[in-house]
1. Treating the angle as unsigned and between 0 and 90°, give the value, to the nearest 10°, between the Cα long axis of helix 69-82 and the longest Cα principal axis of the chain.
2. So, for the chain, what is the accessible surface per residue at a probe of 1.4 Å, expressed in square angstrom?
3. Taking H as built 1.01 Å from N, whose amide H comes closer than 5 Å to the amide H of F31, not counting residues under 5 places away?
4. Separation between the D7 and Q74 pseudo-spin-labels, each 7 Å from Cα along Cα→Cβ, expressed in nm?
5. For segment 1-72, what % of the accessible area comes from carbon and sulfur atoms, probe 1.4 Å?
6. List the cysteines of the chain that have no other Cys Cβ closer than 4.7 Å: which are they?
7. Quantify how much of the Cα-Cα distance distribution of the chain extends past 22 Å, in percent.
8. At a 1.4 Å probe radius, which order do L61, L3 fall into by accessible area, largest first?
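The values are calculated or read from the model by the stated rules, or taken from the named source; none is laboratory data. Owing to the predicted nature of the structure, the values given are computational and were not obtained by experimental measurement. Backbone-built Cβ (ideal geometry, glycine too); neighbour counts: all protein chains shown. Ligands, DNA and RNA are excluded from the accessible area calculation, which covers all protein heavy atoms including side chains. Shrake-Rupley method; radii C 1.70, N 1.55, O 1.52, S 1.80 Å.
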Amino acid sequence: MALMITDECINCDVCEPVCPNKAIYQGEMIFEINPSLCTECVGHFNEPQCVAICPVDCIPLNPDHLETREQLLQKYQTLTQEK
Ligand code: SF4
Ligand code: SF4
């Protein structure tokens, strides 16, 4: 599953630089996550880096983007090859 940022985001900007997939960007009101780029950090780290660093704990799983660990790994491999 990709992750998502809720409207509790305080725009502190600490998550954007730690994302290994460049999936996080400044949206119109708050920071947002591009679900097609988010692998839950699978392939890069053992835990989602944005969740670990977010001071207000506003990055839950995105229920609209259900993916298994195998699918996330596949996504990671596709993204890595594109680089
Ligand atoms: S879980 Fe990882 S890949 Fe997904 S947005 Fe957060 S830091 Fe980026
Ligand atoms: S770390 Fe959390 S509060 Fe800060 S910009 Fe990212 S989602 Fe928003």
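1. 90 degrees
2. On a per-residue basis, 64 Å².
3. For F31, whose amide H was placed from the backbone, the distant partners under 5 Å are N11.
4. Calculated label separation equals 3.5 nm.
5. 52 percent
6. C9, C12, C19, C38, C41, C54, C58
7. Percentage above 22 Å: 17.
8. Sorted descending by solvent-accessible area, the residues read L61, L3.
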